[in-house]
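Engineer: So that we are looking at the same thing, I have put the structure below in structure tokens.
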Amino acid sequence: MCGITGYIGFREAYPVIINGLQRLEYRGYDSAGIMLYDGNQIQLAKTKGKVSNLVEIAKSDISTSGVVGIGHTRWATHGVPNDVNSHPHLSQSGNLVIVHNGIIENYDAIKKELITRGYTFKSDTDTEVLVNLIEEIKTKENVKLGKAVQIALNQVVGAYAIAVFDKEKPDEIVVAKLGSPIAIGVGKDFKEFFIASDASPFIEYTKDAIYLEDEEMAIIKKGREVNVRKIKSDKLVDSNIQELQLNLEQIEKGGYEHFMLKEIHEQPRAITDTFRGRLLRDEGIIKMAGVEDNMKKFLNANRIIIVACGTSWHAGLVAEYIFEEFARIPVEVEYASEFRYRNPVITEKDVVIAISQSGETADTLAAIKLAKKRGAFVFGVCNVVGSSIARETHAGAYTHAGPEIGVASTKAFTTQITVLSLMALRLARAKGTMSSSDYRMHLQELELIPRKVEQLLNVDGHVKEIAKEYLLSTNCLYLGRGYNFPVALEGALKLKEISYIHAEGYPAAEMKHGPIALIDDRMPVIVIATSKGHYEKVVSNIQEIKSRKGKIIAVVTEGDTTVKEIADHTIEIPEVEEAFSPLLTTIPLQLLSYHIAVMRNCNVDQPRNLAKSVTVE
Ligand code: M6R
């Protein structure tokens, strides 16, 4: 979490950095700060709260001119979110300035040591310790900034993406990475450079970017090529300049009030993009390079273990049903955070699938490393191209959802399920667990999904009306069975994370083992009751809720009459093959959470305490 950005070149750095911070706010928004060098002095402004607060403060507190600077938007780890703990942090002399994304785990021991050498600290952060360690080394060893950073980083334990500026060397910025991402945007003829946690802050200035790998650092100087080197061995590495595929339109709201709403409405396009070049209906085949190239691994696998967190974990649960049904491969779905710490039994005959929108989730990354160490083949399903998880896995498939900026995951979820469905179908065909006619039928069904999602999005107004009735609820229950049990979990997660209403998801049949005690006339229960998924059983559950006066919002298949008679509200989805129903049933639940959150005046795109990319454990 946290977003870092920087600029060195010929333009005014202030607007570049502020704009960049605004684009990186999805990574954290507890506080924001900026350092500019005006050719003479360091100008520093930082504050609790959002980048918009920083802009207000900067107007009166600092001179905003200068062609070099660094900035930060924070998701607090060490130290409460306040002005003092905000980044950038200055060293004791005031000459060095740092922004940091990550955690220095051994900061306490280093801090104590530095205190014995006369250092004092203003903040509670691990970052202020790091900048003073760099200063101590620079002074004591009489080395340049780059060398001091390198020596310091060899002494710290933890994760970091950092940018460091030295007033005595104002024509350079030193950056380094371990565990947290950092991209360097390269301007024409090396006349300017941009630094950021991802490429979004500099997309309008350059399409050329260098992504640092773990344990790499670079000294960035105007007019010079970037030299990337290994932090441990000092060895120079090839600074591979990549061409960015991202464009500005993708990271703007495009007329929608919130990114979340835009991303919900982008789902037909996103799912189509996920199919592109993979689902070849006319030829009756699915082509996925990562799967084809490693077919033997999949076919010889004893089981598939899926590791993920949050919404991605829910997509993994849907995949469990699909893989087992279609390809008859046993699947286990694990929270990456539990998996990495519980000494799991993993063998070379296991295939691990890691699912992550951001490709940066620290727990998922650690789970991948553990699985690789134990000999498993690891396949990634990521959205962000070139992300840490995409690079760490042996092979993978991108979801191609495009940038997801709203903290609440929407199109990432449906495109993850799309990729996993394609994989399950391809493996089913290769294993012979699905007849060719069934296979073709499923391909056709899958191909119709974007059109059905498009049609389903018309329920928006109706869902908004329903939302009005429940915006003051304090609790909510979500129920679903089979493929739609994970959708119930996902619906509940969406509601709690953006509207702060307590919500729980359950398999419908589990209700009578406890949660039924919660039901009274103030409890809204959202039930997924599609026509093909254990319909009669779910109808019985709905009756049980009704007889206890619960309020029922049911997601049903169009043409349903039975549930309509019992439920307080129904939302219709188009007829769909049951295995693919999560791609539809999830849409009204996303809209319901969205409207409730908007009506409760919640910050939909940046809910409290959260960040889009969870790069700390
Ligand atoms: O980037 P990832 O998919 O690895 O992120 C995992 C979770 O942090 C994420 O899905 C989170 O639960 C979302 N905010 C839910 O909407």
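The values are calculated or read from the model by the stated rules, or taken from the named source; none is laboratory data. None of these values were measured; they are calculated from a predicted model. Cβ atoms come from the backbone with ideal geometry, glycine included; neighbour counts cover every protein chain shown. Only protein heavy atoms, including side chains, enter the accessible area calculation; ligands, DNA and RNA are left aside. Shrake-Rupley method; radii C 1.70, N 1.55, O 1.52, S 1.80 Å.
Engineer: For a quick protection proxy, order the peptides 444-453, 492-501 by their average other-Cβ count within 10 Å, most packed first.
Structural biologist: Ranked from most to least packed, the peptides come out as 492-501, 444-453.
Engineer: Is segment 143-275 best put as rounded, prolate or oblate by its Cα gyration tensor, with a ≥ b ≥ c the root eigenvalues, rounded for a/c under 1.5, and otherwise prolate when a/b is larger than b/c, oblate when not?
Structural biologist: It is prolate, given that a/c is not under 1.5 and a/b is the larger ratio.
Engineer: Cα-Cα over 26 Å: which of Lys138/Lys235; Lys235/Lys297; Lys373/Lys496; Lys564/Lys612; Lys138/Lys369?
Structural biologist: Exceeds cut-off: Lys235/Lys297; Lys373/Lys496; Lys564/Lys612; Lys138/Lys369.
Engineer: What is the distance, in nm, between label points placed 7 Å from the Cα along the Cα-to-Cβ direction at Asp438 and at Arg548?
Structural biologist: Placing both labels 7 Å beyond Cα along the Cβ direction yields 3.7 nm.
Engineer: How would you order 34-40, 161-167 from highest to lowest mean count of nearby Cβ atoms within 10 Å?
Structural biologist: Peptide ranking by packing, descending: 161-167, 34-40.
Engineer: Moving on to the next point. If you take the charge dipole of the chain about its Cα centre, with +1 on Lys and Arg Cβ and -1 on Asp and Glu Cβ, which of Cys476, Val538, Ile286 is farthest toward its positive end?
Structural biologist: My answer, from the dipole projection, is Ile286.
Engineer: Moving on to the next point. Amide H neighbours of Lys551 under 5 Å, counting only residues 5+ apart in sequence or on other chains, H built in-plane at 1.01 Å?
Structural biologist: Met523, Val525
Engineer: With θ taken as phi - 60° and the coefficients 6.51, -1.76 and 1.60, list the Karplus ³J(HN,Hα) couplings across segment 311-320 in order, rounded to whole Hz; mark glycine and proline as x.
Structural biologist: 4, 5, 5, 5, 4, x, 5, 4, 4, 4
Engineer: Would you pull out the residues with amide H under 5 Å of Leu178's amide H, same chain only if 5 or more places away, H placed 1.01 Å from N?
Structural biologist: Correct list: Tyr160, Ala161, Glu215.
Engineer: Could you put Lys169, Lys48, Lys144 in order of accessible surface area, largest first, with the 1.4 Å probe and the full protein assembly present?
Structural biologist: The ordering from most to least exposed comes out as Lys144, Lys48, Lys169.
Engineer: Further, regarding this structure: Using Cα positions and a limit of under 20 Å, work out the aspartates and glutamates in reach of Lys464, with same-chain residues fewer than 8 apart set aside.
Structural biologist: Glu257, Glu263, Glu266, Glu454, Glu490, Glu497, Glu558, Asp568, Glu572, Asp605
Engineer: ³J(HN,Hα) across segment 22-29 via Karplus (A = 6.51, B = -1.76, C = 1.60, θ = phi - 60°), whole Hz, x for Gly/Pro?
Structural biologist: 4, 6, 8, 4, 4, 7, x, 8
Engineer: Still on this structure: On alpha carbon coordinates alone, what is the Rg over Rh value for segment 545-617, Rh being the Kirkwood radius?
Structural biologist: Result for segment 545-617 is an Rg/Rh of 1.10.
Engineer: So, one more: Can you give the Kirkwood hydrodynamic radius for segment 456-602, in Å, rounded to one decimal and based on Cα pairs?
Structural biologist: 14.7 Å
Engineer: Still on this structure: What Rg and what Dmax come out for the chain when only alpha-carbon atoms are used, in angstroms?
Structural biologist: Computed over the Cα atoms of the chain, radius of gyration and Dmax are 25.6, 81 Å.
Engineer: While we're here: Given the pairs Lys512/Lys532; Lys48/Lys551; Lys59/Lys144, which are separated by over 31 angstrom at their Cα positions?
Structural biologist: Those over the limit are Lys48/Lys551; Lys59/Lys144.
Engineer: Sort 454-463, 8-17 for me by packing, meaning the mean count of neighbouring Cβ atoms within 10 Å per residue, highest on top.
Structural biologist: 8-17, 454-463
Engineer: Taking the Cα centre of segment 3-245 as origin and charging only Cβ (+1 Lys, Arg; -1 Asp, Glu), how large is the dipole, in debye to the nearest 20?
Structural biologist: About 280 debye.
Engineer: With charges only on Cβ, +1 for K and R and -1 for D and E, what is the dipole size of the chain about its Cα centre, in debye, rounded to 20?
Structural biologist: The dipole of the chain has a size of about 840 debye.
Engineer: Okay, moving on. In whole angstrom, how far apart do the alpha carbon centroids of segment 118-161 and segment 444-471 sit?
Structural biologist: Comparing the Cα centres of segment 118-161 and segment 444-471, I get a distance of 53 Å.
Engineer: Hey, another quick one. Students sometimes get this wrong: rank Glu544, Glu490 by accessible area, probe 1.4 Å, all chains present, largest first.
Structural biologist: Glu544, Glu490
Engineer: Taking Cα centroids, how far is segment 565-610 from segment 194-266 in Å?
Structural biologist: What the calculation gives is 33 Å, centre to centre.
Engineer: For a paramagnetic label modelled at 7 Å from the Cα of Leu236 toward its Cβ, which residues of segment 160-188 fall within the zone defined by backbone nitrogen distances under 18 Å?
Structural biologist: From segment 160-188, the list is 175.
Engineer: So, one more: Applying the Karplus parametrisation 6.51 cos²θ - 1.76 cosθ + 1.60 with θ = phi - 60° to the phi angles of segment 152-157, what ³J(HN,Hα) value in whole Hz is obtained for each residue in order, glycine and proline being reported as x?
Structural biologist: Values per residue, Gly and Pro as x: 4, 5, 6, 9, 9, 10 Hz.
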